[in-house]
Amino acid sequence: MKKRTAGTHEGAGPLMSDVARLAGVAVSTVSRALANPGRVNEETRQRIAAAAEQLGYTPNAAARNLRVGRSDIVMVVLPGPLFYGASQTVSEVLEGVDTELTRAGFHLLIANLDRDEETERHILDLAFGGTIRGAIILASELPRHGNRTLSDAGIPIVSVLLDLTGKGVPSVVTNEREAMREATHRLIATGHRHFYYVAGPIGNFHDVERYGGLVEALDEAGLGEAAVRRFGQSYEFREGFACGSAAAAEFLGLDERPTAVVCCSDDIAIAFMHTIRRAGVAVPDEVSVMGFDGAAVGEFCGPGLATIRQPTVGMGATAAQGLLKAIAGEAALAERTVLASEWLERGSTAPAPMPR
């Protein structure tokens, strides 16, 4: 007869009762601490968390739902505060998500990774404890705490805006590289040969794709990467206005200024255009400026900002629809779903000025 090792079970991992025994509390207290941490005093919760981590205990959310009834909550994980400047990209994605979830009788819970370690732990407690049925990620990393990560919680997960297929997470994205390549070809076709690119966060998926599209277009036109000057600092997307202003200051100091400015986001482009116009540079007569995202406010700039419009509401709706089907067991999430963006010509681009 095989002897049962403390903290384990034949063919399985440690049980909730093992965590309770090690922490010196009742099983019901462990269950409550995992599902609703706020209902357990901090000292007890920390003792339970330490015991769970020591044993490597990862409760199966699906199994718990069978015991306590199915949750009707889907969590959206954001990389930071909702405010992202003028583009409102995140809020528009959430609009699409919320519409689909409400129609299906589900509720939306928003979590923010840009806080502290306890927030990340709490997100995992909700997922592993069975409080949420699925998650939609708008961040470049999955929540992680100790030896637990959201991908191990046994719930469907889908990423929106960022391609996380390399990390095994189904993703809904737009054709950023292709859209930027086509927009650059438009500028090249009107005589532009020298470009100034204002980057987003260095290494970020969006910046990699958008800059990649620009360089591909230049290569295809026989101009090469030498035709673009890149401005990049350690800005986050929510600091787009500051980034655009700083890039404009550098641009104004150049002895020979490129005739086309391509910005990684609309916030960057709006601040850039505002700054150079105040310095007396005419847009688009002297310099063409374009952004990316499709912020509605861009139409009311002077001149209106040319940009690439992401189908943000549609992306959120598509992600939610796929997640709901996965939750219902109707269909697995597609590895990658790509929605097309569109070019919006509003007045801030024009043929390159004739050399003086």
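The values are calculated or read from the model by the stated rules, or taken from the named source; none is laboratory data. Keep in mind it's a predicted model, so treat the numbers as computed, not measured. Heads up, the Cβs are rebuilt from the backbone with ideal geometry, glycines too, and the neighbour counts pull from every protein chain shown. Remember, those area values only see protein heavy atoms, side chains included, never the ligands or the DNA or RNA. Shrake-Rupley method; radii C 1.70, N 1.55, O 1.52, S 1.80 Å.
Which condition number in (1) open to solvent by 20 Å² or more (accessible area, probe 1.4 Å); (2) in contact with a His (Cβ under 6 Å, 6 or more places away or on another chain) is the one that Ala217 fails?
The single condition Ala217 does not satisfy is (1).
Check off (1) open to solvent by 40 Å² or more (accessible area, probe 1.4 Å); (2) touching a helix residue (DSSP H, G or I) at 6+ places or on another chain (Cβ under 9 Å); (3) in a helix (DSSP H, G or I) for Ile110 and give me the number that stays unchecked.
(3)
Select, from Ala139, Ala179, Ala135, the only residue that is open to solvent by less than 30 Å² (accessible area, probe 1.4 Å) and at pLDDT below 90.
So the residue among Ala139, Ala179, Ala135 that is open to solvent by less than 30 Å² (accessible area, probe 1.4 Å) and at pLDDT below 90 is Ala139.
Looking at segment 246-283, which of its residues are of a type outside the set (A, V, I, L, M, F, W, C) and either closer than 18 Å to Cys301 by Cβ or in contact with a Leu (Cβ under 8 Å, 6 or more places away or on another chain) (or both)?
Ser265, Asp266, Asp267, His274, Thr275, Arg277, Arg278, Gly280
Assess whether Arg193 counts as being at pLDDT below 95 and not in a helix (DSSP H, G or I).
no
Can you pull out every residue in segment 186-198 that is open to solvent by less than 70 Å² (accessible area, probe 1.4 Å) and not small (Gly, Ala, Ser)?
Leu187, Ile188, Thr190, His192, Phe195, Tyr196, Tyr197, Val198
Hey, could you check segment 156-166 for residues that are over 17 Å from Leu113 (Cβ atoms) and touching a residue at least 12 places away in the same chain (Cβ under 8 Å) and say which is nearest to the chain's Cα centre (by Cα)?
Here the answer is Asp163.
Filter segment 120-137 down to the residues that are outside any helix (DSSP H, G or I) and under 22 Å from the mean Cα position of the chain (by Cα), then identify the one that is nearest to Leu164 (Cα to Cα).
Once the filter is applied, the top-ranked residue is Ile137.
If Asp219 satisfies all but one of (1) free of Cβ contacts under 8 Å to residues at least 60 places away in the same chain; (2) assigned to a helix (DSSP H, G or I); (3) under 20 Å from the mean Cα position of the chain (by Cα), what's the number of the condition it fails?
Asp219 satisfies every listed condition except (3).
Hey, can you tell me all the residues within segment 82-125 that are of a type in the set (A, V, I, L, M, F, W, C), at pLDDT 80 or above and closer than 28 Å to Ala242 by Cα?
Val90, Val93, Leu94, Ile110, Ala111
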